[in-house]
1. Just to check your reading of the model, which residue among SER149, SER126, SER158 is modelled with pLDDT under 75, more than 21 Å from LYS199 (Cβ to Cβ) and not charged (D, E, K, R)?
2. Restricting to segment 64-90, and then to whatever is aliphatic (A, V, I, L, M) and modelled with pLDDT under 85, can you tell me which residue is surrounded by the most Cβ atoms within 10 Å (Cβ to Cβ)?
3. So SER72 ticks every box in (1) within 20 Å of VAL116 (Cα to Cα); (2) assigned to a helix (DSSP H, G or I) but one. Which box is left unticked?
4. For residues that are part of a strand (DSSP E or B), surrounded by 16 or more Cβ atoms within 10 Å (Cβ to Cβ) and either in contact with a Leu (Cβ under 7 Å, 6 or more places away or on another chain) or of a type in the set (D, E, K, R) (or both), tally how many sit in segment 310-344.
5. Within segment 209-225, does at least one residue satisfy the condition of being in contact (Cβ under 8 Å) with a residue 60 or more places away in the chain and on the phi > 0 side of the Ramachandran plot?
6. Tell me yes or no: at least one residue of segment 44-55 is over 34 Å from the mean Cα position of the chain (by Cα) and modelled with pLDDT of 85 or more.
7. Going through segment 33-42 one residue at a time, which ones are within 36 Å of the chain's Cα centre (by Cα) and more than 22 Å from ASP16 (Cα to Cα)?
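The values are calculated or read from the model by the stated rules, or taken from the named source; none is laboratory data. Quick caveat, the model's predicted, so the values are computed rather than measured. Reconstructed Cβ throughout: ideal geometry from the backbone, glycine too, with neighbour counts over all protein chains shown.
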Amino acid sequence: MAPSKFSVLAYESLDDHVKSLSQALADTSEISFQTDPKSFERELGKKEYDVIFMNVKPNNTSTFNLLKKTRSRLPYTPIIMTSKSEQTELVVEAIKLGAYDFISTPFSQARVQLTVQRAMQQRELSNEIDYLRRSQDIVYDFNNIVADSPSFQQIITSLKKFATTDSTILLTGKTGTGKSFLSGSIHYNSHRRKSPFIKINCTNIPETLLESELFGHEKGSFTGADKLRIGRFEQANGGTIFLDEIGEIPLEIQTKLLRVLEEKAFERVGSNKTIEVDVRIIAATNKNLEEQIAAGRFREDLYYRINVLPVNLPPLQDRPLCIEPLAYKLLDQSCATLKKRIISFSPDSLAIIKSYSWPGNIRQLANTIERAVILEDSDSIETDSIQIPDFHQPPPQSRRTSEPLETQEKELILKALEENLWVQKNAAKQLGISPRALNYKVHKFGITHPNWRKNK
């Protein structure tokens, strides 16, 4: 049985284009040609096409309006633009408006075939991408963030409000406190959630390349610039850009960044053409920027521009009520990734986790639990699997100081169970912990109820 052919719709009026495309796609595709916008749109409504070709003339860019409408109507269908011209403006505009690729004539049959093949691979992934986007929405849901500490609950409440605005946010705090993750939560709970979310760590890019990375460059603008590069701000147009470790940006680039914040405009390296962008900026740093200003390493005017909505994230040791539920959440994530079934921590291993200061914060806790899951062979994390090089077991008298916290925790659990008619799943959701973590605590505190069969 012969494999089914791809369905292709082409908005083409030039005979040589029609001939070239027909020859290139004859063996793999069924192609329909339309020569005017109305017939093209009517054809779109008749059936679902796998790939779309659209021709754009250098002096007549009305095709871009048609591209916009088509992209809005069919967000996952690859659209390939064709033209006799390879003007930079045409290529950039096509890609910005959502075209998959841009091919200039004369067509190479091999190029057309390869482009369509790749476009089809993209279309096959579209359902998976859509699924992952929905998964991201769940991951970044503010209600899924562990916030048992009252101070951190206030921070989450503030971030929920900030997410609904376009104002610049500055996240400060020590390394590993969750700045990068929370930037994602802000974006995916904003009106920009369907637009790009671009993360860039300013410490990972050499100073000589950072300007090009952020703002792009023109072909030939410096040694090694062998082609046009679209920068991160241009890629993030309509969405959000997260500038991690903004305190590491050199002063010269800070000046250009200040202009983006004030005017929403910049020029690529080697170009005089001004590019306007609509981007929401979230910045983060583990440095004291006021000290950086005093030392002459950070612009004061830029600081006031990014410090519109400041949020300081406390270290993990300052929110001890979050440690245990966070440990269980990280345990669930590690078990899912590593495909292992470990349901709890032993009392002694949990005591270690709760008594340690975690100078590396959430990142260190996550790494420690992932390592423990790899090492553990039973269904409970034991002390031998909790490997913290600088940890010393606290003396018995210091462990007793946690008893009032445990009493308070038991009271909170009892209250949640009563309010949810003793349905553990609903109580766990109210408490912001997993049902498995709640089940462990129920057994730990000896909580029972007549309606629970397992307690009879």
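1. SER126
2. Selected residue: LEU90.
3. (1)
4. 1
5. no
6. no
7. GLU41
Residues checked against (1) at pLDDT below 95; (2) within 16 Å of GLY176 (Cβ to Cβ); (3) within 27 Å of the chain's Cα centre (by Cα):
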position: LEU309; (1), (2), (3): no, no, yes
position: LYS329; (1), (2), (3): yes, yes, yes
position: CYS335; (1), (2), (3): yes, no, yes
position: SER346; (1), (2), (3): yes, no, no
position: ASN361; (1), (2), (3): yes, yes, yes
position: ASN367; (1), (2), (3): yes, yes, yes
position: SER378; (1), (2), (3): yes, no, no
